[in-house]
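Remarks on the structure that follows.
The values are calculated or read from the model by the stated rules, or taken from the named source; none is laboratory data. Just so it is clear, the model here is predicted, and its values are computed rather than measured. Here the Cβ positions follow ideal geometry from the backbone for every residue, glycine too, while neighbour counts run over all protein chains shown. Only protein heavy atoms, including side chains, enter the accessible area calculation; ligands, DNA and RNA are left aside. Shrake-Rupley method; radii C 1.70, N 1.55, O 1.52, S 1.80 Å.
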Amino acid sequence: ASSSKYKEAMNNCLSVLSYLGEELSLDVNLPLVQSELAVIQTTLATITIEQVKNLPPMTDKSKLNAMKFLSMLCMYSIISKPMLVPIFSCRMVRLTIEHGFCDSSIIGLTTAAYGLFTFTEDIHTAKLSYRIGKVCDSLIEQSPNRHALRARLCRELDSTLKATVEPNQSMVPVFHDRYNCAMLAGDVECAVLCLSTYCVASFYTGTNLISLSKTMESCIEQATKYQQINAIHVGMTNFLGCIHLTGKSSDKVVIKSYEELEEIGENTNSNLLLWRNLLSQMGNYYYDRNWIELMNLSKKRPPTKHNRILVTGRTLYEGVASLNLARHTHQPNWRKIGEDAVEKMMKWEKVSRWNYESISKLLQAELHYLNGNIELAEVDYK
């Protein structure tokens, strides 16, 4: 997997799981995923730390091994085929309920919450996912393997469930701590992922871009040292956003273009690289106020049925762009996209006022301006 051969790695895991008595497939569809999530949502609706701790320990060696390989499948699926994440994580939850608790159970529970969050639409489910994540957070803290678990679950727990609800600025040092946890645990794959996440969070929360560029260089250098190919390319697409704003490239690492990175993402089936690449480019067009190119890029890669973190970024960029285009062109299609963005962000505001109220107010102000309600626009702009 470090060389981005995710399908091969996943097939190998499935072969081992079949030998262990767990038959699973890579062929899934959205109705099947939603059905699995509905069952797991009911199962975890009232979960508490005490309930999990009262489970007997898992002792069946074949099931313990199955949990380890399912954990690997969850990690690879998030990168290459997110539709599979709920299937594998839900199986881990079922094995925990039927055969007992182990450290991998925490990974299964956290990833199931991540799956609920990324594949469902209602606010209640988003809040439930966060609550399950907090239960898992406590379980990790009580585990003797907390450093390895913190590192392993940085993406699912910290950069998704927690970062969506808790203030973004408070999460930046958390990601650097997870990098240190990964290095202590000897998990270089998760270490470079955590450092990359730290760079992205720092970028969007206003860190000095010159100093951040040096950290991004270090991230790419470490990923290169440890031969983490996907992390190298994700680091590059992060760095391109810095280069666009500062005008300063790197004299230490060679940075590929967005076009090259997109081709690599397609060839390696790296969903993570493709959406990071997309969001970085959209951000550049947004800062340049190049609304037409932003919306052309959006049409090229329409939203999927998963990855709600990406949806929030797109909602801001597409909403502001379309409302500006509606004001200048008077075309109703741009207005409709902008109105939909306003409605979506008002829902996100209910999940976290910390992170989404100002974005929601900005979009509402743009819509008021489009409608000629200057006084209301001024109130929301403030």
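Is it true that Pro56 is over 28 Å from Thr224 (Cα atoms) and of a type outside the set (A, V, I, L, M)? Taking the combined requirement at face value, the residue satisfies it. When Tyr286 is tested against the conditions (1) touching a Leu at 6+ places or on another chain (Cβ under 8 Å); (2) under 30 Å from Ala9 (Cβ atoms), the lone failure is (2). Checked against the criterion of being open to solvent by less than 10 Å² (accessible area, probe 1.4 Å) and hydrophobic (A, V, I, L, M, F, W, C), region 53-65 has no qualifying residue. As a summary of the residue check, Met92 satisfies the conditions (1) open to solvent by less than 50 Å² (accessible area, probe 1.4 Å); (2) touching a strand residue (DSSP E or B) at 6+ places or on another chain (Cβ under 8 Å); (3) under 16 Å from Leu149 (Cβ atoms) except for the one numbered (2). Being more than 19 Å from Val192 (Cα to Cα) and out of contact with any Pro (no Cβ under 6 Å at 6 or more places or on another chain) holds for only one residue in Asn296, Asn238, and it is Asn296. Exactly one residue out of Gly338, Gly283, Gly319 is surrounded by 14 or more Cβ atoms within 10 Å (Cβ to Cβ), within 20 Å of the chain's Cα centre (by Cα) and modelled with pLDDT of 95 or more, and it is Gly283.
Within region 108-129, the presence of at least one residue that is touching a residue at least 12 places away in the same chain (Cβ under 8 Å), under 12 Å from Leu161 (Cβ atoms) and open to solvent by 50 Å² or more (accessible area, probe 1.4 Å) is confirmed.
Only residues that are in a helix (DSSP H, G or I) and exposed (fewer than 15 other Cβ atoms within 10 Å of the Cβ) were counted across region 185-203, and they come to 0.
Please work out if Asn307 is surrounded by 15 or more Cβ atoms within 10 Å (Cβ to Cβ), at pLDDT below 90 and among the polar types (S, T, N, Q). Against the criterion (surrounded by 15 or more Cβ atoms within 10 Å (Cβ to Cβ), at pLDDT below 90 and among the polar types (S, T, N, Q)), Asn307 qualifies. Do we find a residue being among the charged types (D, E, K, R), within 17 Å of Asn284 (Cβ to Cβ) and open to solvent by less than 40 Å² (accessible area, probe 1.4 Å) anywhere in region 245-262? Scanning region 245-262 turns up at least one residue that is among the charged types (D, E, K, R), within 17 Å of Asn284 (Cβ to Cβ) and open to solvent by less than 40 Å² (accessible area, probe 1.4 Å).
Here is a yes/no grid of residues against (1) in contact (Cβ under 8 Å) with a residue 24 or more places away in the chain; (2) within 23 Å of the chain's Cα centre (by Cα); (3) closer than 21 Å to Ile140 by Cα:
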site	(1), (2), (3)
Glu22	yes, no, no
Val28	yes, yes, no
Lys63	yes, no, yes
Ile78	yes, yes, yes
Lys81	yes, yes, no
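Just one of (1) among the charged types (D, E, K, R); (2) within 30 Å of Ala113 (Cα to Cα); (3) exposed (fewer than 14 other Cβ atoms within 10 Å of the Cβ) fails for Arg289. It is (2). When Glu8, Glu23, Glu50 are checked against the criterion of being part of a loop (DSSP other than H, G, I, E, B) and not small (Gly, Ala, Ser), Glu23 stands alone in meeting it. Look at region 138-157: where a residue is in contact (Cβ under 8 Å) with a residue 24 or more places away in the chain and a partner is in a loop (DSSP other than H, G, I, E, B), sitting 6+ places away or on another chain with Cβ atoms under 8 Å, you get Ile140/Leu153; Ala148/Asp187; Leu149/Ser143; Ala151/Asp187; Arg152/Asp187. The numbered conditions (1) closer than 30 Å to Glu263 by Cβ; (2) crowded, with 21+ Cβ neighbours inside 10 Å are all true for Leu26 except (2). Sub-8 Å Cβ pairs linking a first residue in region 327-343 that is in contact (Cβ under 8 Å) with a residue 12 or more places away in the chain to a second residue that is open to solvent by 90 Å² or more (accessible area, probe 1.4 Å), at least 6 apart or interchain, are Arg327/Tyr369, ordered by first then second residue.
The set of residues in region 29-52 that are in contact with a Ser or Thr (Cβ under 7 Å, 6 or more places away or on another chain) and either modelled with pLDDT of 95 or more or surrounded by fewer than 18 Cβ atoms within 10 Å (Cβ to Cβ) (or both) contains only Ile49. Pairing each residue of region 167-182 that is in contact (Cβ under 8 Å) with a residue 60 or more places away in the chain with any residue that is part of a helix (DSSP H, G or I) and open to solvent by less than 60 Å² (accessible area, probe 1.4 Å), provided the two are 6+ apart or on different chains, yields C-beta distances under 8 Å for Pro167/Asn355; Asn168/Ala201; Asn168/Asn355.
Please verify whether Met67 is farther than 17 Å from Leu161 by Cβ, in contact with a helix residue (DSSP H, G or I) (Cβ under 7 Å, 6 or more places away or on another chain) and not basic (Lys, Arg), treating the condition exactly as stated. Here the answer is yes, as Met67 does meet what is asked.
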